[in-house]
Amino acid sequence: MTQRLHTCMLCEAVCGLTVEMDGASIGRVRGDPDDPFSQGHICPKAAAIVDVQGDPARILEPQRRQGDRWQSVSWDEALEEAGQRLAEVQRKHGRNAVGVYIGNPTVHSYSALLATPFFNRAMGTRSRFSATSVDQLPHMLAALEMFGHQVLLPVPDVDRTHFFLMLGANPVASNGSLMTAGGISRRLEELRKRGGKLVVVDPRRTETAEIADQHLAIRPGTDALLLLALLYVIFEEQRANLRHLAALTDGLDLLREIAGRFPPERVAERTAISSLAIWELGRAFASAPSAVAYGRVGACTQQFGGLAAWLVVALNAVTGNLDREGGFMFTTPAADLVALATRTGDRGHFGRWRSRVRGLPEFGGELPAATLAEEIDTEGDGRIRALVTFAGNPVLSTPNGARLERALSRLDYRVSIDLYRNETTRHADLILPTSFGFERDHYDLAFYALSVRNVARYVKPLVPRPPGVRGDFETLLDLALSVRRHGGGRKGAAAGVTLRAARMLGERRLLDLMLRFGPHRLSLRKLEQNPHGIDLGPLRPHLVARLGGRRMQLAPAVFLRDLDRLTATLSKPATNGLVLIGRRALRSNNSWMHNSLRLVKGPPGCVLLMHPEDAAARGLGPDGRVRVTSRVGSVEVPVALSDEVMKGVVSLPHGWGHARDGAALSVAAAHAGASLNDLTDDHSVDSLSGNAAFNGIPVTVTRA
Ligand code: SF4
């Protein structure tokens, strides 16, 4: 038995792992106590990496559909067919007739992250979608509009702060998001030990709220109103102080004037938080030695997600907590995507074009995922007729999945790159397998850039890939090359030369170059010599350098234009109907790990939480099954009554709904649950950013 090192690639916490190996066979997986960052922390999901990697349901050779059957084909044959069919669609109907959907696991693979820009550029389609617009897009929009760069995202300095205000975030269950912080529970405990305070704002008393000093239950979709009222308190009490950023910031007076329209007394009823509590929270935040406000999924995947994301940054900035120890800080990652994108002139963009059917804005070259179904099923020039999905299951993870599922059957051709035949890839004509887990080397390109401490760790593969499986980088680039060979994709020799050059260089060499030219002048060799990882020190203030001569915008016009829409909600009559919010569980990783028995066994995970008084008002008993119905669909689920959700709110976790014929996930099917996204509405978006609004969906609940 030998001990080998790896890194968990499942979530943003990036925990170091120690893996017991007996020859090529993988034994127990534990946390690596010598990882300077995660310090031995892991969660129950880490042990399931081997379940996915060795899952008998995993696709290990390219699969072609033959009616209802699937047939193994060679890689040459598969790439030839996919290239030819995608190119044919592009030649006949234009480049945008091929859509591309990139799923969330892509960000956990540096190989995929480095390949996708080459792939997208070579395909030349504007019909691009990803998990960004069902998740963190509003935060990226705030970064673009305020700092001039869409991936210049501040993170909470959790290890040094004295006051942590969380809106719509539940890191005790999620392990942190847009905040890489292995062992977040320990870090929050230490915050409290040093006399700091944790306040959680959420419609549900979440696992994080349970350990907080204060939980404020907020009506879903009203975080922007609360944040404006907190700014009102700061300005009213003359506590605004931008510190070193004052000289390079525009918009302070405008922000003061806007916040002046939202006194706590005006928003209290709508937010369901008393004006007194808002005044006290504003004062406590502003007077703490250091403080950080942080908003996550609950605050940004809602109808005013863009405004909420902007106001979170604004609150930190105005109280002097932006770019300050213990506040909202910027990382200095060893492989610096911000610097690379700045050098290549790609800081990001927003609204340069709009979606064909609904006119929603592009962001960073991608259209909102909430428009994917209608872009397929609405006739007209530019209709999507073929689709490539990569590591994605949008039928379960994007709003109104049932509509998308119907739309998929209208496509002329579908190719999916995935581990599994899941609820989306079962509609494919061709599935290309990909590597996973300990078969891969790993450097966390995305999440070291969002880490609460500067760290770097690179690990080599522990086992070889199965012979019929290829890596992300080569698959994406070979597919793009095949499309070009057949006359599809972007025209011009340059795109082909770039693709071939990247393919020859390979992802490992590209990563090495990024490390060598990065701020810490590291290399893969140096990281290999330090297999537990290298601690590059605490975050340090450096926004001024990051702005590179630009000015920070505290009141960007795109957000100001959306304020009337928010203000209008204040005069809407209250209803006594129910609204639906999502939920995350520690043992569940979106939709794609439910075929691991160790993660799904035990009591059912997909249960509707409902306040006892709401149940009583509808004549519902303490348990049993209920029917939940929204504008777009209806599901039947078990119900549990609990005052952990506020009155008027029901909560269902996402990622479930595995009872669809044709998917080859027998364990998941036996623990199917219902899909939250058979209830969420593709027409419920944040109309400013185009991001999906999963939270705050009106529903009815009746006895099943
Ligand atoms: S917290 Fe995240 S990174 Fe750490 S072991 Fe669990 S899933 Fe893996």
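What to note about this one:
- Counted over the chain, the DSSP beta bridges are approximately 50% antiparallel.
- By average C-beta atoms within 10 angstrom, highest first, the peptides 309-315, 406-412: 309-315, 406-412
- Convex hull of the range 41-91 built on C-alpha atoms - directionally averaged projected area, nm²: 6.2
- Sorted peptide list for 63-70, 562-569, 627-634, 239-246, criterion being average Cβ within 10 angstrom, highest first: 627-634, 239-246, 562-569, 63-70
- Within the accessible area of the chain (1.4 Å probe), percent carbon and sulfur: 50
- Accessible-area order (highest first, 1.4 angstrom probe) of the listed residues K197, K601: K601, K197
- Viscosity 0.692 mPa s, 37 °C: Kirkwood-radius Stokes-Einstein D of the chain over Cα pairs, µm²/s: 128
- For the range 570-686, the share of DSSP beta bridges that are antiparallel, to the nearest 5, is 55%.
- Burial order of peptide ranges 396-402, 639-645 (average beta-carbon count within 10 Å, highest first): 396-402, 639-645
- Per residue accessible area in Å² of the chain, where ligands, DNA and RNA are left out and the probe is 1.4 Å: 36
- Shape class for the range 571-703, computed from the alpha carbon gyration tensor (a ≥ b ≥ c): oblate, with a/c not under 1.5 and a/b at or below b/c.
- Using C-alpha pairs under 8 Å with a sequence gap of at least 6, the mean separation divided by the residue count of the chain gives a relative contact order of 21 percent.
- Taking only the Cα atoms of the range 409-495, the radius of gyration and Dmax are 16.9, 48 Å.
- Helix content alone sets the calculated 222 nm mean residue ellipticity of the chain: runs of n ≥ 4 DSSP H residues at -39500 (n - 2.57) each, divided across all residues, give -9000 deg cm²/dmol.
The values are calculated or read from the model by the stated rules, or taken from the named source; none is laboratory data. For clarity, every value in this text was computed on a predicted model and none was experimentally measured. Positions of Cβ are backbone-derived with ideal geometry, glycine not excepted, and every protein chain shown enters the neighbour counts. Remember, those area values only see protein heavy atoms, side chains included, never the ligands or the DNA or RNA. Shrake-Rupley method; radii C 1.70, N 1.55, O 1.52, S 1.80 Å.
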